[in-house]
Amino acid sequence: MLRSVEITAELTGPLRGEGFHNLHWQQRLELSLDCFICQRTRRTTSFQHGQEHALCSADEEHPEHPTAARIAAFDVTDEQERTALRAAVDYWWAAFHDTKRNQAAAALSLTPWARLHLGYYCPQARQSGTFSIQTNMIRPVRATCGHCDHPLATSKDAPAIRLLT
């Protein structure tokens with residue numbers, strides 16, 4: 001069965017103006033999904049926009065493997081002191097029972113988790129950098145440049161994950 005999930009996130013801060021670091025959302029993310037291929041629940045699944053499939057992290061018994069999932073939409077809204085992301089993920093799901101955890105699979109993992117990646121360019125150091133935000137971080141989360149300590153953005157609320165279909 002085809003399922004769709006929407007992930008939304010918002011960052012605030014001095015995104016433009018003095019010390020501009022060209023902060024931008026990278027078109028990749030991780031999401032916890034129940035994988036019917038390896039029949040394990042709560043698998044970290046890695047997505048790259050434009051790829052035809054995602055990668056399930058699996059475990060010691062099952063190596064990393066492709067899974068039927070992709071980023072269907074990746075929309076960014078940039079404003080003077082705010083940047084927002086809306087990503088839609090499509091994936092195939094089928095019912096199964098995870099024998100290792102002794103639990104049934106769910107269309108959206110019982111403990112949904114996501115990690116979103118951002119990039120920036122430090123004009124002072126003339127080098128790029130990256131950081132990520134994820135749903136299970138204690139808020140607020142403040143990101144600073146790894147080269148000059150300039151404040152980049154603040155995540156006041158955890159990214160939201162919503163099952164659409």
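For this structure, a couple of remarks:
- Candidates A72, A87, filtered to the one that is small (G, A, S) and either over 14 Å from the mean Cα position of the chain (by Cα) or closer than 20 Å to Q134 by Cβ (or both): A87
- Of all the residues in the range 61-89, those that are acidic (D, E) and closer than 20 Å to W113 by Cβ number 1.
- Considering residues of the range 28-68 that are open to solvent by less than 30 Å² (accessible area, probe 1.4 Å) and among the small types (G, A, S) only, the residue nearest to A107 (Cα to Cα): S32
- Where strands (runs of 3 or more DSSP E) fall entirely within the range 1-65, those with at least 1 residues that are of a type in the set (D, E) and at pLDDT 95 or above are at 2-12, 24-35.
- Only residues that are polar (S, T, N, Q), within 19 Å of the chain's Cα centre (by Cα), part of a strand (DSSP E or B) and exposed (fewer than 14 other Cβ atoms within 10 Å of the Cβ) were counted across the range 112-143, and they come to 1.
- Verdict on R101 being open to solvent by 70 Å² or more (accessible area, probe 1.4 Å) and part of a loop (DSSP other than H, G, I, E, B): yes
- None of T83, T154, T77 is open to solvent by 50 Å² or more (accessible area, probe 1.4 Å), polar (S, T, N, Q), closer than 20 Å to H24 by Cβ and not in a loop (DSSP other than H, G, I, E, B) except T77.
The values are calculated or read from the model by the stated rules, or taken from the named source; none is laboratory data. The model shown is predicted, which means the values in this text are computed figures rather than measured ones. Counting neighbours? That spans all protein chains shown, and the Cβs are built from the backbone with ideal geometry, glycine included. Surface areas here come from the heavy atoms of the whole protein model, side chains and all, with no ligands, DNA or RNA. Shrake-Rupley method; radii C 1.70, N 1.55, O 1.52, S 1.80 Å.
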